[in-house]
Amino acid sequence: MPRDMFEAHFEKLRDETAPLAARMRPQTLDEYVGQEHLVGEGRALRRAIDAGELPSIILWGPPGSGKTTLSHLMAGASKAYFAQVSAVSAGVADLRKIIEEAKQRRLSQHQKTILFIDEIHRFNKGQQDTILPYVEDGTVTLIGATTENPSFEVISPLLSRARTYVLKGLTGEQMKLILSRAIADVERGIGNSNVELSEEAADHIVNLASGDARIALNILELAARTTPVDEAGKRQITLEAIEDAAQAKTLLYDRAGEQHYDIISALHKSMRGSDPDASLYWLGRMLEAGEDPLYVVRRLIRFASEDVGMADPQALVVAMAAQQAVHFVGMPECNVALAQLVVYLATAPKSNSLYKGYKRVQETIAKNPIEPVPLHLRNAATGLMKDLGYGKGYKYAHDFPGGFVRQQNLPDSLKDKKFYLPTEIGFEKTINARLKAWFGDNIDNNEG
């Protein structure tokens, strides 16, 4: 078989055996589903694609939202040479080779080169620096795809020379449209398999895929392959077939990326807002996706002091008990202990007086001269120290009624300074009353 015929045969065979998600990749913008805010008629990016004049672009969006497909469509519309690399496997040598070929192509054929870097967030600073001059001088037009916030993952000089477009996860209706196309398509889809997908099965695929078209099509393909033909020659894909094919839901979560910070932030704010249901949900999102429970409990311990504080001093005790449970039993058994802590913190009275009090201490130390400890508070450990007045005039609180006596405990310049200003919430109400009984009504708690 001649070489060109062999290659054509191989490509045909490869296309036929490729996963359904690869076979159903849109060939034109008319087939492209979703992202109307970017490629809908009249949108700036759509106009640039139609004109074949693309700037360097960063596409940021969740997995399966169409970043790679859109990159291919943009390259096809521009008639540029398309060079694709994955940041997972490519190195500086690969980039330099592509750049040299792009230079030659630009000089000899007057053809532009689009350099598509999948998962660009995985390139380190040195690798990103390698392509920067050639993006700047137009040797290559960069299209970078990332699931991570480019503000954190792409170097500023490169980011400033590219337009960032944010892709959204696909909606349920868009996912169902993709599934129905795959079922009907005879050439690229599973149209020859006589598949009938029940409504509840389709809904379950949408739920499992969480906006990721690739996952949805993979589940559909496996279910179609494993569902036998009935007497009418149909493959009736039921909810049970989808559950069997999927087994478990894949949660969108990156322990080192933006999802990690977004979800812990949502947990903190839900607890601060005294919402136990939302707090449990965000805790579950982290734990079920494989987050380190020790990381979670560390953040909850901080919350116990920062957001509950002295309004309920038991919050820290419960938090430390949960930390011991995490160490002692581990996951998944410790998930209920963490759930108990989250509900306790969410429903506890809230006060940030302790947090604000320590912040005032930090600011005072930073802005004021460091003063010596007052003599009466010093420890007279030697005869010389005693002769110098160390400890002289100190009033031992236990020698006084109620175990309290007023005396100056701060340096002279700070003697009237108030750092801790308790509220009237929870146990702090008791603390406030106690301080007023000791020091009078000059305790200003308006800032608490």
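We did not get these values from a lab; they are worked out from the coordinates using the rules stated. Source: prediction; values computed, not measured. Note that we place each Cβ from the backbone using ideal geometry, even for glycine, and neighbour counts take in every protein chain shown.
Over all projection directions, the Cα-based convex hull of the chain averages an area of 35.1 nm². Highest-first packing order for the peptide set 74-84, 24-34, 52-62 is 52-62, 74-84, 24-34, based on the mean count of other beta carbon atoms within 10 Å.
Among 417, 103, 429, the largest mean-square fluctuation in a Gaussian network model of the chain (Cα springs under 10 Å) belongs to 417. Residue 335 sits among other residues whose Cβ lies under 14 Å from its own Cβ, and their net charge, with Lys and Arg +1 and Asp and Glu -1, is -3. For segment 255-315, the set of GluC sites (Glu not before Pro) satisfying both a DSSP loop assignment and a count of at most 13 other C-beta atoms within 10 Å is empty. Summary of the geometry: segment 363-413 and segment 93-165, compared by the centres of their Cα atoms, lie 64 Å apart. Averaging 1/r across all pairs of distinct Cα atoms in segment 334-415 and inverting the result yields a Kirkwood radius of 17.0 Å.
Taking 0.36 nm per residue of sequence separation and removing the Cα-Cα distance, the residue 379/residue 151 pair yields an extension gain of 76.8 nm.
Principal axis extents of the Cα atoms in segment 34-166, from largest to smallest and rounded to whole angstrom, are 37, 35, 23. Rg over Rh for segment 109-241 works out to 1.17, both radii taken from alpha-carbon positions and Rh defined as the Kirkwood radius. Here segment 371-439 yields Rg over Rh of 1.08, to two decimals, using C-alpha coordinates and the Kirkwood radius.
For segment 184-340, the equivalent ellipsoid derived from the Cα gyration tensor has semi-axes of 44, 15, 12 Å, listed largest first. Annotation: lysines with alpha-carbon distance below 16 angstrom to residue 269 (same-chain offsets under eight excluded): 350. Our compactness index for segment 81-137, the C-alpha radius of gyration over the empirical 2.2 N^0.38 Å, is 1.09. Computed about the Cα centre, the dipole magnitude for segment 371-439 is approximately 100 debye when only Lys and Arg (+1) and Asp and Glu (-1) carry charge, each at its Cβ. Computed from the alpha carbon atoms alone, the convex hull of segment 172-246 holds 74 Å³ per residue. Taking 0.36 nm per residue of sequence separation and removing the Cα-Cα distance, the residue 101/residue 288 pair yields an extension gain of 62.7 nm. With a Cα-only, solvent-free Debye model of segment 258-347, what are the log10 I(q)/I(0) values at q = 0.15, 0.23, 0.24 Å⁻¹? Scattering profile of segment 258-347, log10 relative to I(0): -0.46, -1.14, -1.24.
The string of couplings for segment 271-283 from the Karplus curve (6.51, -1.76, 1.60, θ = phi - 60°) is 5, 4, x, 6, 10, x, 5, 5, 4, 5, 4, 5, 4 Hz, one whole number per residue in order, with x for Gly and Pro.
Ordered by the number of other Cβ atoms lying within 10 Å of each residue's own Cβ, fewest first, 238, 146 fall into the sequence 238, 146. Taking 0.36 nm per residue of separation and subtracting the current Cα-Cα distance, fully stretching the chain between residue 438 and residue 361 would add 25.5 nm. For the residue pairs 359/429; 386/436; 97/176; 103/176; 79/234, alpha carbon separations beyond 32 Å are given by 386/436; 97/176; 103/176; 79/234.
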